[in-house]
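Written out below as C-alpha cells is the structure these notes cover.
The values are calculated or read from the model by the stated rules, or taken from the named source; none is laboratory data. Source: prediction; values computed, not measured. For neighbour counting, all protein chains shown are included, and Cβ atoms are generated from backbone atoms with ideal geometry for every residue, glycine included.
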Amino acid sequence: MHIVPKCKDEYGFGSVFEMNPQKTLFSDAEYTEVIEKIKAGL
C-alpha cells in the first residue's frame, strides 16, 4: 500500500494515483507502425 498525499484543486485530486501522468497515447496509425516495426525485428 502507498500513501500519496494530494492537495485539493491540484492534479489528480479525487482520483486514483497515476504512475505516469505524462503518458503519451498514439493514434491507431502510429500504433500500427510501432507494431510492424516490432514484428520486423522478431
- Looking at this structure, is PRO5 assigned to a loop (DSSP other than H, G, I, E, B), in contact with a Gly (Cβ under 8 Å, 6 or more places away or on another chain) and either at pLDDT 95 or above or exposed (fewer than 10 other Cβ atoms within 10 Å of the Cβ) (or both)? no
Of the residues in the stretch 9-42, those that are modelled with pLDDT of 80 or more and among the aromatic types (Phe, Trp, Tyr) come to PHE13, PHE26, TYR31
Considering residues that are over 18 Å from the mean Cα position of the chain (by Cα) and acidic (Asp, Glu), the number found within the chain is 4
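Within the stretch 8-35, can you find the residues that are in a helix (DSSP H, G or I) and surrounded by 10 or more Cβ atoms within 10 Å (Cβ to Cβ)? Give the steps one after another, and end with the answer.
Taking the stretch 8-35 and keeping what is in a helix (DSSP H, G or I), we get 28-35.
Matches in the stretch 8-35: GLU30, TYR31, THR32, GLU33, VAL34, ILE35.
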